[in-house]
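Peer 1: Below you will find the structure I want to go over with you.
The values are calculated or read from the model by the stated rules, or taken from the named source; none is laboratory data. If you're wondering where the values come from, they're calculated on a predicted model, not measured in any experiment. So basically every Cβ, Gly included, is an ideal-geometry build from the backbone, and we count neighbours across all protein chains shown.
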Amino acid sequence: MSTDTATPPSFAPVYAPTAPATRRLRIAVIGAGMAGILAAIRLKPCGHEVVVFEKADRIGGTWRENTYPGLTCDVPAHAYTYSFAPNPEWSSFLAPGAEIQRYFENVVRGHGIAPLIRFSTAVTTCVFDDERRRWTLTDSHGKAENFDVVVAATGVLHHPNMPALPGLERFAGDAFHSARWDHSVPLDGRRVAVVGSGSTGVQIISALAGRAARLFHIQRTPQWIMPMPNEPYTDEQRAAFRADPGLIDEMRYGEQYTGLVRRFTEAIIDKDSPEIQQIEAIVRDNLERSVRDPQLREALRPRYRAACKRLIYSPDYYDKLQQPGVEAVIGEIDRIEPEGVRMRDGSLKAADVLVLATGYQADRFVRPMQVRGRGGAELNAFWSPRPAAYLGIAMPAFPNFFMLNGPTGPVGNFSLIDIAERQWAYIEQLLAPLAGGRYAEVELREETMRGYEAERIAAASHTIFASGCSSWYLDATGVPASWPWSYDEFARRTAQPDGADYLFLE
Ligand code: NAP
C-alpha cells in the first residue's frame, strides 16, 4: 500500500455529484447517531425511501447516552462538525457534550429528517434473502420488512464494560457506569470514587474536583496526558464566525488543525517516527512540570509509550488531581465493600458514590443485531477471530450492506464525523449503479477483503498501539483493530471506489 503523502488530498470530504435515481431504493439506516443522521440527510433528496431505525427515543448516539459531568469532545468543535452544517455558535474551542447533542438535534430539525426516523425501534435481525435479493429486517416490535440496502450506523463504543469487581452488588452507596449517569444522585460535598483513567475518567475528575468532599481517582494504569487549552469563544469571535464562514473553514481545514492530524496519524502508525518522539516529549514534560510531589509524579508515570492507549487531552487534569480533597489511587482493586473500594494494598477508599468509568466492549459494532448474508453467512462467524470490514465499510457475502465507522476504520484523536463523511461519500458512489437501475447488488470481492486484512494486520504491528500496553484499540488476539495507515491514505482510498474491488450483479 502506498503511503506517499506528497500530494495530500483535500481535507474536506468530496461528494461526487449524484445522478437522479432511476430506481427508487428502499434503504434502511440503523442508528440515528452522528453517522445515521449524516446518511439520512444525504439520502433524503435522492428520492429513495429511507427508514432510520433508532433504538432509543431520541437521536444523538454517544452524545445522548453520555451525560457525565465534564463531558467534552477533545476534538476542536469546528472540526467535530458536519462539513455541510458549520456552526458559528460553538461556545468554546472544545465543545461540551450537551452542546454537541443540541447541535445534532438542530441539524436533524434543519434538514427535516425527523419524519424518517422510527424511534424506540431496535433492529434485531438482518437477513439477506438470496432469492428476492433483498434484506429482511426484523425489529424489536416483531415487525419484518424488506429493504434493498442496509446502512449500519450503529456506533463504535456503546456497550458499557461493567467490570467484574467482587462485591460490587453489595456497595451501600450509588454505583453506575459513566455512560449511564444517574443524575438523581447528589455529588456535592460527598465522597466519590471514580474507577478508570481513560478519557472519560479524567474528564469526570476534572469536573468533580472542588465539588465532591473527597474524590478518589482509582487507576489500575496511569495515563499520559497531553495538555490542551480549552478557551471559551467570546461573543465577538462568534459574530466573526457568523460573518465570515472562511474563518470556520480555517479552523477546520487550515494547516494548524490538519497539520496536527497529519502529524498525529504519522506518529501513531510508526512507533519509531520522530513525530511520536515529539508527542512523548510533550507528555513527559507535562508530567514533570505539572506534578509537584516527586512521589506522586513517579506513581503517575505510565510504564508504556505515549499514545499506545488513546492519548488523553486535558487542560487541567493534573492541577485538579492535586487539589485538596482529591486523591490519585494507583493500583489494583481487591474488592468492593459496602463502605467503599478496598485496594490490593489493604487501604479502604470510603465512598458514597462509585463511578465506573471502565470503558466499553469495543468489538460489538452492529451486534447484538443478528446479521446473516448471502447463503446464510453469519456475521459472527465472519468476525471470528476479529471484526473487520474493508475500509470500515463493506464485507464479502454481505451485498448492499454498508457500515459507517465499522471495524478497522480510523479511530483516534481526530473527528469521527470526518471519517463517516468520507465513508458516506464512498458509499454513495457504490449506490449509484443500484439507483441507476441496471444492477441489483454490489458486493465486496472476497480477495479484496483477504488482501486488505493481510496488509492491515502486517501494518498494525508497526503502530504505536502495538508497542506494549492493553487498550480497547487491540482486538481479542492482541492485534490493533484500527486503520494502521495515515489519514491521507484513508482519504485517498475512500475518495473513489475501485470497481475491481466489487462484484456488480445485474
Ligand atoms: P477506556 O479508555 O477504555 O478506559 C477504561 C478505564 O477503565 C481504564 O483506565 C481501565 O484500566 C479501567 N478499567 C477497566 N476495567 C477495570 C477494572 N476491572 N478494574 C480497574 N480498572 C478498570 O474508556 P473511556 O475512558 O470511557 O474511553 C473510551 C473511549 O471513548 C476513549 O478512548 C475515546 O475514544 C472515547 N471518549 C472520547 C472522549 C472525547 O473527548 N472525544 C471522551 C471520553 C471518551 P486499564 O487501562 O488498566 O485497562
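Peer 1: Just need a number here: residues in segment 115-174 that are within 16 Å of the ligand (Cβ to nearest atom), assigned to a loop (DSSP other than H, G, I, E, B) and in contact (Cβ under 8 Å) with a residue 60 or more places away in the chain.
Peer 2: 13
Peer 1: Test of understanding: among Y452, Y439, which residue is more than 28 Å from S197 (Cα to Cα) and outside any loop (DSSP other than H, G, I, E, B)?
Peer 2: Y452
Matching residues to (1) among the small types (G, A, S); (2) crowded, with 16+ Cβ neighbours inside 10 Å; (3) under 22 Å from the mean Cα position of the chain (by Cα):
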{"site": "R263", "(1), (2), (3)": "no, yes, yes"}
{"site": "I269", "(1), (2), (3)": "no, yes, yes"}
{"site": "E275", "(1), (2), (3)": "no, yes, no"}
{"site": "Q278", "(1), (2), (3)": "no, no, no"}
{"site": "D285", "(1), (2), (3)": "no, no, no"}
{"site": "E288", "(1), (2), (3)": "no, no, no"}
{"site": "V291", "(1), (2), (3)": "no, yes, no"}
{"site": "Q295", "(1), (2), (3)": "no, no, no"}
{"site": "C308", "(1), (2), (3)": "no, yes, yes"}
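Peer 1: Exactly one condition in (1) on the phi < 0 side of the Ramachandran plot; (2) crowded, with 20+ Cβ neighbours inside 10 Å is not met by M343; state its number.
Peer 2: It fails just one condition, (2).
Peer 1: Another question, if that's okay. Of the numbered conditions (1) of a type in the set (K, R); (2) surrounded by fewer than 17 Cβ atoms within 10 Å (Cβ to Cβ); (3) away from the ligand (no atom under 16 Å from the Cβ), R303 satisfies every one except a single condition; which is it?
Peer 2: (3)
Peer 1: Still on this structure, I have one more. Quick test for you: out of A79, A39, pick the one residue that is away from the ligand (no atom under 16 Å from the Cβ) and hydrophobic (A, V, I, L, M, F, W, C).
Peer 2: Going through A79, A39 in turn, the sole match is A39.
Peer 1: Please pick out the residue among A85, A39 that is in contact with a helix residue (DSSP H, G or I) (Cβ under 9 Å, 6 or more places away or on another chain), touching a residue at least 12 places away in the same chain (Cβ under 8 Å) and buried (at least 22 other Cβ atoms within 10 Å of the Cβ).
Peer 2: Testing whether each residue is in contact with a helix residue (DSSP H, G or I) (Cβ under 9 Å, 6 or more places away or on another chain), touching a residue at least 12 places away in the same chain (Cβ under 8 Å) and buried (at least 22 other Cβ atoms within 10 Å of the Cβ) leaves just A39.
Peer 1: Given the condition within 15 Å of the ligand (Cβ to nearest atom), part of a strand (DSSP E or B) and more than 28 Å from R26 (Cα to Cα), answer yes or no: does some residue in segment 89-98 qualify?
Peer 2: Yes; the residues of segment 89-98 include at least one that is within 15 Å of the ligand (Cβ to nearest atom), part of a strand (DSSP E or B) and more than 28 Å from R26 (Cα to Cα).
Peer 1: Let me ask you something else. Suppose we filter segment 342-364 for residues that are among the hydrophobic types (A, V, I, L, M, F, W, C) and either at pLDDT below 95 or away from the ligand (no atom under 13 Å from the Cβ) (or both); how many remain?
Peer 2: So the count comes out to 5.
Peer 1: Moving on to the next point. Going by the structure shown, is E378 at negative phi, within 16 Å of the ligand (Cβ to nearest atom) and surrounded by fewer than 21 Cβ atoms within 10 Å (Cβ to Cβ)?
Peer 2: Taking the combined requirement at face value, the residue does not satisfy it.
Peer 1: Report whether or not I276 is under 25 Å from F11 (Cβ atoms), of a type outside the set (S, T, N, Q) and at pLDDT 95 or above.
Peer 2: yes
Peer 1: If I ask for residues that are in contact with a Gly (Cβ under 8 Å, 6 or more places away or on another chain), more than 11 Å from the ligand (Cβ to nearest atom) and assigned to a loop (DSSP other than H, G, I, E, B), which ones from segment 56-76 would you list?
Peer 2: Passing the criteria: I59, G60, G61, T67.
Peer 1: Examine segment 213-223 for a residue that is within 16 Å of the ligand (Cβ to nearest atom) and among the charged types (D, E, K, R), and state whether such a residue exists.
Peer 2: yes
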